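S.K.: Submitted below is the structure of interest, expressed as structure tokens.
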2 protein chains.
Amino acid sequence: MSKRIVVALGGNAIKKREERGTCEEQFRNIETACNVIMKLIKEGYNVVITHGNGPQSGNLMIQQEMAKKKVPPMPMDVVGAMTQGQIGYMIQQTLQNMLTREKMNIPVATVITQVVVSKDDPDFEDPSKPVGEYLSEEEAKKLEKEGYIINPPPGKMYKEKKMAGHVIKRVKPNGERPFRRVVPSPDPIRIAETEAIRSLVDSGTIVIASGGGGIPVMEKDGGILLGLNGVIDKDKAGERLAEAVNAEIFLILTDIEYVYLNYGKENQKPILKMSVAEAKKYLEEGHFLAGSMGPKILACIRFIEEAKGKKAIVASLEKAKEAIDGKTGTTIVP
Amino acid sequence: MSKRIVVALGGNAIKKREERGTCEEQFRNIETACNVIMKLIKEGYNVVITHGNGPQSGNLMIQQEMAKKKVPPMPMDVVGAMTQGQIGYMIQQTLQNMLTREKMNIPVATVITQVVVSKDDPDFEDPSKPVGEYLSEEEAKKLEKEGYIINPPPGKMYKEKKMAGHVIKRVKPNGERPFRRVVPSPDPIRIAETEAIRSLVDSGTIVIASGGGGIPVMEKDGGILLGLNGVIDKDKAGERLAEAVNAEIFLILTDIEYVYLNYGKENQKPILKMSVAEAKKYLEEGHFLAGSMGPKILACIRFIEEAKGKKAIVASLEKAKEAIDGKTGTTIVP
């Protein structure tokens, strides 16, 4: 019986910051990531893959904005679905080709995945996730005329699908382009396609699912799903995926080798291993940044506590295999 | 044991010609289509769904073109993958909600699907499928400067991924915008994700697959897949899907009620039922247009001959159920 592992790839593993994001560049980056994943497959791991979509959905939003007089832009649930198709295809084909070269007959498939959030999530009252380009005051005011609200007070108005996704906040104190669109980033509760994904994974398929944190949907009136203009943290959603498939290991691959105490300070110290209790304490003490390491650690804690996982790991893409063996990266255990 | 049926929805079942294609419009149209599919599910059919993507990929290509200075456009294999995510999500959620309302516990999932074509397909030497907007001579000449070729002679140059998708042809003899991009539309050979799709269908999941004719890929060097800048006919790909899942019935839903002999002429006559031999004879006699009914009939013939299907049906979306019962639509039998 092989060990089941969920691997979460960062959006930057697919499009690097300095790149424009051509098709060739993205395929090349995905090849690097898939080489790492192949190592795990060859070791006998039963791999499930999830990934970020920040750069891809950002690009799509620019395209939508620039063509909006001719083509109606899609809300973020649909944008998320589109990037799941795009990135899923690229990973799936790359991995299939690597398996073919190794004469390993394992199917690979991408499942379009919705992730259910609570309609009462506090983030609907004060959207927190910046998306798309930075905007100048002039650009923000122009969007105001199209129905956007700039720096609104927290309130219930973002709950309705029509309203959400139309908020602009000043996200930098100064500079020429201090504004950005913000959307709700609600907490994921469960993967809507659990049954199909589990059935594929159980049949031996390498599944790519919940890309970009999944398509955000809320449940109303006894289970009716409604897409919403927001975005879910991909590591938190990845944890729900790990729950759905009963994974033993949840591996978050990012661009740094360790999680640190006192990160960025003179006395910063890498953490090789910590218990859930320690992780909670450090989190409370403010060692992990809200927008970056915080959600990853929260996802790891949840994986151990709620999914009863054996270990959660945060590591760099390059050293994934070594991290699983406990030689590098940060491992969180019960 | 329930009967297995593959239903192919036309792209216009999702975005009507007269609509701009907002998210709301597309969800509304999909609701109509899914109401029809629900009838089949309630009758006990084991349904697999495929769909067109012409209007959606057209819109995405406009967005890509208008933003190309800022964001690198994706080739048509990736565009296809994106529309599979988009439309798959919309169908999946709509159907899930209808099943929830009926208290029917059947999973629904979209699988991102590549469809393999031959690298020696003749369409690579003379691309035939018009895509994107109509262009004026001025616009065509502008694209020529960016590397497009206008009205090239047939040849082998379109085989390479870089070249394909960069051809413009005069598709109308006159008018202000007679030009259009053309891409290869090779014949589908097989569904790359057959194993995963079949395993899901066998487990009772309603699968949405091979959207937009599938992501076109060619096989080289012992099975290595390579995406290509083209588009596959969705009904022909739907037939390969029907083969992959061993369907008994292949149902093509479109906007006309019957296939006709002498279509559009004074003596036009609807066909209620025909054998494969008759269909071949009518096809040879030129009763079915190459760009519209032709590929549908070819797909139906292939379904009976190669997939050993029981019946293939071309019918209008509104009368799908009646068509299966033989009361309307055109049924092709061995």
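S.K.: Report the residues of region B:179-214 in range of a label on B:Glu137: point 7 Å along Cα→C-beta, backbone N strictly under 19 Å from it.
M.R.: Within reach of a label on B:Glu137, which here means backbone N under 19 Å from a point 7 Å along Cα→Cβ, region B:179-214 contributes B:179-181.
S.K.: What fraction of the Cα pairs in chain B, stated in percent, has a spacing above 27 angstrom?
M.R.: The answer is 45 percent, as a whole percent.
S.K.: Need one word for region B:167-223: rounded, prolate or oblate. Basis is the Cα gyration tensor (sqrt eigenvalues a ≥ b ≥ c); a/c below 1.5 gives rounded, then a/b vs b/c decides. Each step should come with its number before you reach the end.
M.R.: Numbers: a/c = 5.74, a/b = 2.17, b/c = 2.65.
Oblate shape, in that a/c is at least 1.5 and b/c is the bigger or equal ratio.
S.K.: Pop out the Kirkwood hydrodynamic radius of region B:19-76 from its pairwise C-alpha distances, inverse of mean 1/r, in Å to one decimal. If you can, show how the numbers build up before the last one.
M.R.: Values: mean 1/r = 0.0716 Å⁻¹.
One decimal place: 14.0 Å for the Kirkwood radius.
S.K.: Along the Cα→Cβ direction, 7 angstrom out, place labels at A:Leu289 and B:Asn262. What is the inter-label distance in nm?
M.R.: Spacing of the two 7 Å Cα→Cβ label points: 7.6 nm.
S.K.: Moving on to the next point. Helix A:23-42: angle to the longest alpha-carbon principal axis of chain A, degrees 0 to 90, nearest 10?
M.R.: Orientation of helix A:23-42: about 30 degrees from the principal axis.
S.K.: On the Cα set of region A:219-334, report Rg and Dmax in Å, please.
M.R.: 15.1, 53
S.K.: What is the mean number of Cβ atoms from other protein chains located within 10 Å of the Cβ atom of each residue in peptide A:13-22, rounded to a whole number?
M.R.: Mean number of neighbouring Cβ atoms from other chains: 1.
S.K.: Indicate the residues belonging to region A:203-219 that lose 10 Å² or more of solvent-accessible heavy-atom surface (probe 1.4 Å) upon moving from the chain alone to the assembly of all protein chains, ignoring ligands and nucleic acids.
M.R.: A:Ser203, A:Ile215
S.K.: Here's another thing I want to ask about it. Would you mind getting the accessible area per residue of region B:187-280, heavy atoms of the protein chains only, 1.4 Å probe, in Å²?
M.R.: Result: 36 Å² per residue.
S.K.: Assuming R0 = 45 Å, can you tell me the calculated FRET efficiency for the pair A:Arg177 and A:Arg101, based on Cβ-Cβ distance, to the nearest 0.05?
M.R.: 0.50
S.K.: Based on the Kirkwood radius over alpha-carbon pairs, what is the Stokes-Einstein translational diffusion coefficient of region B:1-99 at 25 °C with 0.890 mPa s viscosity, in µm²/s?
M.R.: Reported coefficient: 168 µm²/s.
S.K.: Separate question: Buried accessible area for the B:A pair, summed, 1.4 Å probe, in Å² rounded to 100?
M.R.: On the way: alone 16200 and 16220 Å², together 27670 Å².
Accessible area lost upon association: around 4700 Å².
S.K.: Another question, then. Quick one: Karplus J couplings for region A:44-61, per residue in order, coefficients 6.51, -1.76, 1.60, θ = phi - 60°, nearest Hz, x for Gly and Pro?
M.R.: Running phi through 6.51 cos²θ - 1.76 cosθ + 1.60 with θ = phi - 60° gives x, 6, 9, 9, 10, 10, 10, 7, x, 9, x, x, 6, 6, x, 4, 5, 5 Hz.
S.K.: Treating the angle as unsigned and between 0 and 90°, give the value, to the nearest 10°, between the Cα long axis of helix A:76-101 and the longest Cα principal axis of chain A.
M.R.: Helix A:76-101 sits at roughly 30 degrees to that axis.
S.K.: With springs only between Cα atoms under 10 Å apart, run a GNM on chain A and tell me which of A:Thr50, A:Thr22, A:Thr205 wobbles the most.
M.R.: A:Thr22
S.K.: Under a no-solvent Debye model with one identical scatterer per Cα of region A:72-185, what's log10 I(q)/I(0) at q = 0.17, 0.22, 0.23 Å⁻¹?
M.R.: Calculated log10 I(q)/I(0) at the listed q: -0.87, -1.19, -1.26.
S.K.: Also, I was wondering about something else. Show me the three semi-axes of the equivalent ellipsoid for region B:99-153, from the C-alpha gyration tensor (sqrt of 5 times each eigenvalue), largest first, rounded to whole Å.
M.R.: Working through the eigenvalues yields semi-axes of 42, 19, 9 Å.
S.K.: Taking the Cα centre of chain B as the origin, how large is its charge dipole in debye, to the nearest 20, when only Lys and Arg (+1) and Asp and Glu (-1) carry charge on their Cβ atoms?
M.R.: 260
S.K.: In a GNM of chain B with a 10 Å cut-off on Cα contacts, which of B:Ser128, B:Ser292, B:Ser118 has the highest mean-square fluctuation?
M.R.: B:Ser292
S.K.: Tell me the distances, shortest first, between B:Pro334 and the same position across the other copies, using label points 7 Å along Cα→Cβ, in nm to one decimal.
M.R.: The projected label point of B:Pro334 is separated from its counterparts by 5.8 nm.
S.K.: Per the helix-only calculation at 222 nm, which mean residue ellipticity applies to chain B, given -39500 (n - 2.57) for every DSSP H run of n ≥ 4 and division by its residues, nearest 500 deg cm²/dmol?
M.R.: Helix contribution divided over all residues of chain B: -11000 deg cm²/dmol.
S.K.: What's the local net charge at A:Lys69, with K and R +1, D and E -1, over the other residues with C-beta under 13 Å away?
M.R.: +1
S.K.: Next up: Count, for each residue of A:269-275, the Cβ atoms from other chains sitting within 10 Å of its Cβ, then give me the mean as a whole number.
M.R.: Counting Cβ atoms of other protein chains within 10 Å of each residue's Cβ and averaging gives 0.
S.K.: Next question. Rounded to whole Å and ordered largest first, report the semi-axes of the equivalent ellipsoid of region B:256-324 derived from its Cα gyration tensor (root of 5λ).
M.R.: 18, 16, 10
S.K.: Which value in nm describes the separation of the simple spin-label points at B:Lys119 and B:Glu144, placed 7 Å from the Cα toward the beta carbon?
M.R.: With each label placed 7 Å out from Cα toward Cβ, I get 3.2 nm.
S.K.: Additional query: When the scattering of region B:243-294 is computed by the Debye formula from its Cα atoms alone, each counted once and equally, what is log10 I(q)/I(0) at q = 0.28 Å⁻¹?
M.R.: Relative scattering, expressed as log10 I(q)/I(0), comes to -1.28.
S.K.: Would you calculate the separation in nanometres between label points at B:Lys69 and B:Glu25, each defined as 7 Å from the Cα along the Cα-to-beta-carbon direction?
M.R.: The modelled label-to-label distance comes out at 2.8 nm.
S.K.: Also: Mean projection of the alpha-carbon convex hull of region B:208-250 over all orientations, in nm²? Can you show the working numbers first?
M.R.: On the way: hull surface 14.2 nm².
For region B:208-250, averaging the hull's shadow over all directions gives 3.5 nm².
S.K.: If amide hydrogens are placed 1.01 Å from N in the peptide plane, which non-local residues have theirs closer than 5 Å to the one on A:Ile150?
M.R.: A:Ile168
S.K.: Over all alpha-carbon pairs of the protein assembly as shown, lay out the pair-distance distribution in 20 Å bins, whole %, shortest bin first.
M.R.: Each 20 Å bin holds this share of Cα pairs: 18, 52, 26, 3, 0.
S.K.: Over chain A, what is the relative contact order in percent, taking alpha-carbon pairs closer than 8 angstrom and at least six residues apart?
M.R.: So the answer I get is 20 percent.
S.K.: Looking at A:Ala81, A:Gly147, A:Pro334, which one has the Cα that reaches farthest to the positive end of the dipole of chain A (charges on Cβ: Lys, Arg +1; Asp, Glu -1)?
M.R.: A:Ala81
S.K.: Any idea what log10 I(q)/I(0) is at q = 0.16, 0.18 Å⁻¹ for region B:146-271, Debye with uniform C-alpha scatterers and no solvent?
M.R.: -1.00, -1.07
The values are calculated or read from the model by the stated rules, or taken from the named source; none is laboratory data. Note that the structure is predicted; figures quoted are calculated from it, not measured. Cβ sites come from the backbone with ideal geometry, for glycine too, and all protein chains shown count toward neighbours. Remember, those area values only see protein heavy atoms, side chains included, never the ligands or the DNA or RNA. Shrake-Rupley method; radii C 1.70, N 1.55, O 1.52, S 1.80 Å.
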